[in-house]
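Note sheet for the following structure.
No value in this document is a laboratory result; all are computed from the given coordinates. All values derive from a computational prediction rather than experimental measurement. Cβ sites come from the backbone with ideal geometry, for glycine too, and all protein chains shown count toward neighbours.
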Amino acid sequence: MTIRASKLWFGYAVAMAWFYVLLWPLLGIKASGLEFAKSFAIWGKVAVAAAVLLVLYQLKGAGAFGFMQRPASVVGKAAGVFARRVPTWLSLSLVVACAVAFPFFTERYAHDVAISVLVYIILGLGLNVVVGLAGLLDLGYIAFFGVGAYTYALLSVHFGISFWLCLPIAGCFSALAGCLIGYPTLRMRGDYLAIVTLGFGEIVRIVINNWMSLTNGPNGILGIKAPGMYWYNGTSFEHIWLNSLEQLYYIILALAVFTVLAVYRLNYSRIGRAFEAVREDQTAAELMGVNTLRIKLLAYALGAVFGGLAGTFFAARMKFVSPESFTFIESAMVLAMVVLGGMGSIPGVILGALALIALPEVFRGFELYRMFVFGGVMAGMMLFRPSGLWPAKRMGVRSEERE
Amino acid sequence: MAEPILELKNVTSAYGRIKAIKDVSLKVYPGEVVSIIGANGAGKSTTLMSICGVLKPEAGEVWYDGQRIDGLASDLLPPRGLCQVPEGRRIFPRLTVEENLDMGAFFRRDAANIEHDKNRVFQMFPILLERRKQHGGTLSGGEQQMLAMGRALMGRPRLLLLDEPSLGLAPLIVQQIFRIIREINESDGVTVILVEQNANLALKSSSRGYVLETGNVVMEDDAAALLANPDIRKAYLGE
């Protein structure tokens, strides 16, 4: 159904007036006085563009594009049928093959972006266990990333312990931190929990910032070792450092694949179902014999483990950690990926991480307006696709309606 | 008569400072169907919540199967055979029907028997088998009630607490639900406590009944006697 034209254009007028009220103070108020010309010029362009889009929308509503739509829908339907024919394992292995082949066809810069995307995918999937499955809104998730990063940084610099050994150690430390933070906080529900986790996230960062003797405070820790491995060079095994971006890319890819598999298994396990039950109705879950505090603590600790793994890699890749990397905005970013992608959905979270990390890189040209566009896109997403890019499970039809 | 499977001794429960039930005592013997009837706000649901530990009684004792259970965490009771179909059904809306049933058997580890019990539930409520892949929240009210009952049965209860199973359902569905209640009582030997506003229906399918009024037990008798009692007929059966 299309909206009536008068209503549409009235909405357009209101939106444009509102946009100007927002835009003018940003561009028009200067120390030297007020200015209108520049803001009008930009506003005019946006208004014309929006008007063109609206006209196109109305034309579409009137069926003017029927000649294009019909063939397009046929193609779309055929693609849909084809996609359903292709077995899941085939499409999955295609995705993995593309990911493995990626470094051969791209530049250094692209490797760099891909590594960040994969780190955020792990973070997103970890947070997804907490937020998407168990329904616990955690605004301080990045603290576990920090715990993992500092665990490896300190163990590597002071004791020279290798990256591979530190992965499980950092995972355990993060899980421990998760339990310590979770035990007092998880008795709370909903909004209260969100605020308390926000507080704990900041506490971890501030402790790192001020514990000079251990963490070197805001100066950070330098000289962290890259992951190493033994390589057979024809005559004997020699130790090499995996310093290049391609090598690091494969390490984080392996970690990401491990995370996807682990979270997938968790999703369909008995414990995963208990997480979801707690999210849906805590009291009912208790009446089913679920120890809700223990289950929530487990969800929190499991989420923290993935944060810790990602943090360990982050420290090894940057070879430097400082508290600045673990601010609230990072937590918000990871949460945004989970929500944007679709809570509780693995492909959704991966898409969300791609959208939030890779797209801003693609649109480097808009540098100045990036956050502006970012905000707009988020608002639009929540209006038009509130359950995410790739929602977890399709909601069924109510059985009364189906009959 | 045998030892009661459940006994409440002078239980008082409150929400904050407001006492919802005062000095409630009741006994339920194995194999019985006991209904608790009363008007809105008489404390029927509060009584159930005090039994299953969602609400901790302020005073009094709750004994189940020879052990004192008041003060126990509510998640410890289903493994002992005390399961509840809570008020408003409270199924998990975004889990599928089958996952909802699996949650009912969460504390059990005997996979083969769980599968058997699930088939049994599907036999009792064939509609659930049809809808097994559907989300719980997409079911109609009656189907949700069946799902809630099936979920509770998945815990192999010895004592089943049912809170208002007929609320908001079509008469035909209500009849079906009550037929199942009688069936699980008679053929499985499950003891049932039935909390109902629909006093007529509840008393007809139970052996004994308690009448609650403003948080007190005002009457207790055989179901048939309560049904015949002129006061009860006037107050709860609309005559």
Looking at (1) more than 9 Å from chain B (Cβ to nearest Cβ); (2) of a type outside the set (Ser, Thr, Tyr); (3) touching a residue at least 24 places away in the same chain (Cβ under 8 Å), which is the only condition residue A:329 fails? (3)
Matching residues in region B:154-165 - criterion: being part of a loop (DSSP other than H, G, I, E, B) and crowded, with 21+ Cβ neighbours inside 10 Å: B:154, B:155, B:157, B:164, B:165
Given the condition in a loop (DSSP other than H, G, I, E, B), loosely packed, with under 11 Cβ neighbours inside 10 Å, over 36 Å from the mean Cα position of the chain (by Cα) and of a type in the set (A, V, I, L, M, F, W, C), answer yes or no: does some residue in region A:20-36 qualify? yes
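For region B:73-83, give me each residue that is surrounded by fewer than 18 Cβ atoms within 10 Å (Cβ to Cβ) and closer than 20 Å to residue B:20 by Cβ.
none
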Go through (1) closer than 21 Å to residue B:178 by Cβ; (2) surrounded by 20 or more Cβ atoms within 10 Å (Cβ to Cβ); (3) within 14 Å of chain A (Cβ to nearest Cβ) for residue B:92 and report which single condition fails. (1)
In the set A:305, A:334, A:349, A:321, the lone residue that is within 27 Å of residue A:173 (Cα to Cα) and touching a strand residue (DSSP E or B) at 6+ places or on another chain (Cβ under 8 Å) is A:321
If I filter region B:127-137 for residues that are out of contact with any strand residue (DSSP E or B) (no Cβ under 8 Å at 6 or more places or on another chain), among the charged types (D, E, K, R), away from chain A (no Cβ under 13 Å) and in contact (Cβ under 8 Å) with a residue 12 or more places away in the chain, do I get at least one hit? no
Kindly indicate whether residue A:338 is within 21 Å of the chain's Cα centre (by Cα), away from chain B (no Cβ under 14 Å) and buried (at least 24 other Cβ atoms within 10 Å of the Cβ). yes
Can you find a residue in region B:45-60 that is over 13 Å from the mean Cα position of the chain (by Cα) and basic (Lys, Arg)? yes
Identify, please: which residue in region B:210-239 is among the polar types (S, T, N, Q) and outside any strand (DSSP E or B) and is, among those, surrounded by the fewest Cβ atoms within 10 Å (Cβ to Cβ)? B:214
Return the residues of region B:114-153 that are of a type in the set (Phe, Trp, Tyr) and surrounded by fewer than 20 Cβ atoms within 10 Å (Cβ to Cβ); say none if nothing qualifies. B:122
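Residue by residue, here is whether (1) buried (at least 21 other Cβ atoms within 10 Å of the Cβ); (2) touching a residue at least 60 places away in the same chain (Cβ under 8 Å); (3) within 14 Å of another protein chain (Cβ to nearest Cβ) holds:
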site	(1), (2), (3)
B:22	no, yes, no
B:33	yes, yes, no
B:40	no, yes, no
B:48	yes, yes, yes
B:66	no, yes, no
B:71	no, no, no
B:85	yes, yes, yes
Failed criterion for residue B:222 (all others in (1) free of Cβ contacts under 8 Å to residues at least 24 places away in the same chain; (2) over 28 Å from residue B:13 (Cα atoms) hold): (2)
Quick one: residue B:151 ticks every box in (1) within 14 Å of chain A (Cβ to nearest Cβ); (2) out of contact with any Cys (no Cβ under 9 Å at 6 or more places or on another chain); (3) part of a helix (DSSP H, G or I) bar one, so which box is it? (2)
Just name the residue that is nearest to residue A:284 (Cα to Cα) out of those in region B:95-113 that are of a type in the set (Gly, Ala, Ser) and surrounded by fewer than 17 Cβ atoms within 10 Å (Cβ to Cβ). B:111
How many residues does region B:60-79 contain that are in a loop (DSSP other than H, G, I, E, B) and hydrophobic (A, V, I, L, M, F, W, C)? 4
Among (1) crowded, with 24+ Cβ neighbours inside 10 Å; (2) within 15 Å of the chain's Cα centre (by Cα); (3) assigned to a helix (DSSP H, G or I), which single condition is residue A:344 missing? (3)
Could you please find all residues in region B:99-118 being among the acidic types (Asp, Glu), closer than 18 Å to residue A:289 by Cβ and more than 10 Å from chain A (Cβ to nearest Cβ)? B:110, B:117
Which one is surrounded by the fewest Cβ atoms within 10 Å (Cβ to Cβ), of the residues in region A:251-269 that are hydroxyl-bearing (Ser, Thr, Tyr) and without any contact (Cβ under 8 Å) to a residue 60 or more places away in the chain? A:268
Report the residue count in region A:277-310 for those that are more than 15 Å from residue A:188 (Cα to Cα), touching a Gly at 6+ places or on another chain (Cβ under 8 Å) and at the interface with chain B (Cβ under 9 Å from one of its Cβ atoms). 3
